[in-house]
Amino acid sequence: MLDQSQDFEVIGEAETGAEAIAACKQCNPDVIVMDIGLPGMNGIETTQVIVRSAPGTRVVMLSIYCDEHSVVSAIRAGAQAYVLKQAAGRDLLEAMRAVSRGESYLSPQISANLARRMSRAGPRSSLALEILAPRELQVFRLVAAGNASKDIAVTLDLSLETVRSYRKTMMKKLGVSNIAAVTRFAIANGEAPKASQGDRRTPVR
């Protein structure tokens, strides 16, 4: 499927975590499709090593598991996308394109499962914050604190378009559609917003 795609070129393959780390150093890929069930060092452990040594490489986790623990563990390890193997034919290229743009991606079935889980948990759900990528979490906190996208771009040394992309995917994962909802979500989850540097007003309690 990847060979037939006009978007990507396969430049290396590996069968174990150690081989994947070595191949990453040698090939310097833009995107890695990582099997979560690698022998020896598993895909999550391998992703942690690769993200630390090659922060510019994006990791798409490919797995048969859609349970909460596996998804959250992969995201915490640094994977920008999580795709179910049974849906790979439909989702994989879309996920690879998304991470290439600096966005994140979850197979729709995973998003639906997490949405139901968060709905049962009510407005206070740490699960939602756990599935945010590190940059998305940074943007979440800055948005909740009242920072405009252009100010966030300066703070994080990112382009405005990149910040807008993180903001869009962050709000999609949290299931919110406006800034007020982001702020309410932050307060409900113990992420009380701090006033931005340009706001010197005394907060109302």
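The values are calculated or read from the model by the stated rules, or taken from the named source; none is laboratory data. Keep in mind that what you see is a predicted model, and the values were worked out from it rather than measured. Note that we place each Cβ from the backbone using ideal geometry, even for glycine, and neighbour counts take in every protein chain shown.
For the reader, a short list of remarks on this structure follows.
- Members of segment 27-41 found to be over 18 Å from Arg101 (Cα atoms), surrounded by fewer than 18 Cβ atoms within 10 Å (Cβ to Cβ) and either among the hydrophobic types (A, V, I, L, M, F, W, C) or out of contact with any strand residue (DSSP E or B) (no Cβ under 8 Å at 6 or more places or on another chain) (or both), listed by number: Cys27, Pro39, Gly40, Met41
- Checking Ile110, Ile75, Ile50 one by one, the residue that is over 25 Å from Lys172 (Cα atoms) and among the hydrophobic types (A, V, I, L, M, F, W, C) is Ile50 and no other.
- Segment 1-20 residues that are at pLDDT below 90, paired with ones that are part of a loop (DSSP other than H, G, I, E, B) (beta carbon under 9 Å, 6 or more apart): Leu2/Phe8; Leu2/Glu9; Leu2/Val10; Asp3/Glu9; Asp3/Val10
- Test result for Ala95, surrounded by 13 or more Cβ atoms within 10 Å (Cβ to Cβ), at pLDDT 90 or above and more than 15 Å from the chain's Cα centre (by Cα): no
- Test result for Thr47, surrounded by 15 or more Cβ atoms within 10 Å (Cβ to Cβ), under 14 Å from the mean Cα position of the chain (by Cα), within 21 Å of Ser165 (Cα to Cα) and not assigned by TED's automatic domain parsing to the domain that holds Ser159: no
- Qualifying position, being small (Gly, Ala, Ser) and buried (at least 24 other Cβ atoms within 10 Å of the Cβ), among Ala79, Ala54: Ala79
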